[in-house]
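See below for the structure under consideration.
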Amino acid sequence: MGCRIFAILPLLLAACASQPTMPDIAGDVILLGEQHDAPSHQVLHRQAIESLIARQMLAAVALEMAEQGRSTSGLPRDAGEAAVKDALAWNEDSWPWQPYAPAVMTAVRAGVPVAGANLPRSSMRSAMAEAQLDAQVPPPVLEQQRQAVRDGHCGVLPESQVAPMTRVQIARDRAMAQTLAQWASPGKNVVLLAGGAHVDPAMGVPLHLPASLRVHVQRWPEQPPAQDYCAQLRERFKR
């Protein structure tokens with residue numbers, strides 16, 4: 001814990017620009033937070049990756065959308081999308097491929113490894129019961145995380161499930177932090193693509209990164225949701 005956090009200035013992303021631009025930043029880890037159903041955020045991902053590649057600054061790309069332990073290392077630059085999805089064990093039911101394909105394939109074409117960073121699904125049940133995860137963040141942050149879980153489930157999640165689900169969130173943040181530390185390279189950047197809450201310096205991945213790493217965080221402005229997820233969730237709980 002205790003890594004140094006710096007905010008990235010907004011990317012200069014004029015639609016007519018032929019070359020995406022990014023502020024000249026120093027650091028080891030760049031955390032790009034997104035709203036998962038905002039297509040413009042995934043466009044910004046690709047443009048940020050292109051900019052870092054152009055400067056020869058990109059060491060690796062880590063993804064919330066794939067499980068820890070998976071990577072494209074060893075694939076040739078001309079690998080097809082099917083081979084890349086197979087290397088990452090991409091789960092189309094959880095994460096539609098097309099929004100993320102441009103950023104992922106841009107890195108692969110440049111010879112930059114793309115790594116899964118999320119907690120494996122097989123580890124989630126054990127994380128729910130791992131009470132020591134509660135102590136991995138300060139008590140006020142733990143309560144913030146629990147409230148975020150309540151809010152994220154639109155207030156319909158049984159209270160008995162709030163603590164276990166919060167532990168999963170903490171375990172996911174820790175897994176992503178471990179992956180970033182593993183791929184960190186002196187003099188270059190490793191980028192994480194993840195949901196905005198995961199990159200929150202107050203309660204997400206940055207809390208679990210080594211103090212030696214300098215961290216830059218960018219969360220894009222929220223967009224109107226594509227659909228009413230709370231209405232859908234309430235209907236599911238009614239059934």
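Within the stretch 111-128, can you find the residues that are in contact with a Lys or Arg (Cβ under 8 Å, 6 or more places away or on another chain) and without any contact (Cβ under 8 Å) to a residue 40 or more places away in the chain? Spell out how you get there, then give the answer.
Here is the first cut: in the stretch 111-128, the residues in contact with a Lys or Arg (Cβ under 8 Å, 6 or more places away or on another chain) are 111, 115-116, 118-119, 127-128.
Passing the criteria: only 111.
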Select from the stretch 152-165 the residues that are under 20 Å from the mean Cα position of the chain (by Cα) and either open to solvent by less than 40 Å² (accessible area, probe 1.4 Å) or at pLDDT below 95 (or both) and list them in ascending order. 152, 153
Any chance the stretch 40-53 includes a residue that's of a type outside the set (Val, Ile, Thr), surrounded by fewer than 16 Cβ atoms within 10 Å (Cβ to Cβ) and within 25 Å of residue 177 (Cβ to Cβ)? no
Take the residues in the stretch 73-89 that are loosely packed, with under 14 Cβ neighbours inside 10 Å and in contact (Cβ under 8 Å) with a residue 24 or more places away in the chain, then tell me which one is farthest from residue 182 (Cα to Cα). 78
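Only one of these is surrounded by fewer than 22 Cβ atoms within 10 Å (Cβ to Cβ) and free of Cβ contacts under 8 Å to residues at least 24 places away in the same chain: 149, 168. Name it.
Working: 168 fails: free of Cβ contacts under 8 Å to residues at least 24 places away in the same chain.
So the residue among 149, 168 that is surrounded by fewer than 22 Cβ atoms within 10 Å (Cβ to Cβ) and free of Cβ contacts under 8 Å to residues at least 24 places away in the same chain is 149.
Sort out which residues of the stretch 193-215 are open to solvent by 10 Å² or more (accessible area, probe 1.4 Å) and of a type outside the set (A, V, I, L, M, F, W, C), and write them in order of number. Step through it out loud before you land on a result.
Filtering the stretch 193-215 for residues open to solvent by 10 Å² or more (accessible area, probe 1.4 Å) gives 196-198, 200-203, 207-208, 210-214.
Within the stretch 193-215, 196, 198, 200, 201, 208, 210, 212, 214 qualify.
Any idea which residue in the stretch 108-146 is most open to solvent (accessible area, probe 1.4 Å), counting only those that are within 30 Å of residue 74 (Cβ to Cβ) and of a type in the set (Lys, Arg)?
Residues of the stretch 108-146 within 30 Å of residue 74 (Cβ to Cβ): 108-124, 126-127.
Still in the list and also of a type in the set (Lys, Arg): 109, 121.
On the way: 109: 111, 121: 143 Å².
Among residues in the stretch 108-146 that are within 30 Å of residue 74 (Cβ to Cβ) and of a type in the set (Lys, Arg), the one most open to solvent (accessible area, probe 1.4 Å) is 121.
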Search result, residues across the stretch 216-239 that are modelled with pLDDT of 80 or more and either open to solvent by less than 90 Å² (accessible area, probe 1.4 Å) or touching a helix residue (DSSP H, G or I) at 6+ places or on another chain (Cβ under 9 Å) (or both): 216, 217, 218, 230
List pairs: first residue in the stretch 90-104 and small (Gly, Ala, Ser), second residue open to solvent by 70 Å² or more (accessible area, probe 1.4 Å) anywhere in the structure, Cβ distance under 8 angstrom, at least six positions apart or on different chains. 101/81
Tell me, please, whether a residue that is open to solvent by less than 30 Å² (accessible area, probe 1.4 Å), assigned to a loop (DSSP other than H, G, I, E, B) and not charged (D, E, K, R) can be found in the stretch 179-192. no
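Assess whether residue 108 counts as being of a type in the set (Val, Ile, Thr) and without any contact (Cβ under 8 Å) to a residue 60 or more places away in the chain. Break it down stepwise before answering.
Details: of a type in the set (Val, Ile, Thr): yes; without any contact (Cβ under 8 Å) to a residue 60 or more places away in the chain: yes.
Considered against the rule, which asks whether it is of a type in the set (Val, Ile, Thr) and without any contact (Cβ under 8 Å) to a residue 60 or more places away in the chain, residue 108 comes out as yes.
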Does residue 56 satisfy the condition of being under 19 Å from the mean Cα position of the chain (by Cα) and open to solvent by 50 Å² or more (accessible area, probe 1.4 Å)? no
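For the structure I just gave you, tell me whether residue 24 is modelled with pLDDT under 95, buried (at least 22 other Cβ atoms within 10 Å of the Cβ) and of a type outside the set (A, V, I, L, M, F, W, C). Spell out how you get there, then give the answer.
Values: modelled with pLDDT under 95: yes; buried (at least 22 other Cβ atoms within 10 Å of the Cβ): no; of a type outside the set (A, V, I, L, M, F, W, C): yes.
It is false that residue 24 is modelled with pLDDT under 95, buried (at least 22 other Cβ atoms within 10 Å of the Cβ) and of a type outside the set (A, V, I, L, M, F, W, C).
The values are calculated or read from the model by the stated rules, or taken from the named source; none is laboratory data. This is a predicted model, so every value here is computed, not measured. Neighbour counts run over all protein chains shown; Cβ positions are idealised from the backbone, glycine included. Keep in mind that these areas ignore ligands, DNA and RNA; they rest on the heavy atoms of the full protein, side chains included. Shrake-Rupley method; radii C 1.70, N 1.55, O 1.52, S 1.80 Å.
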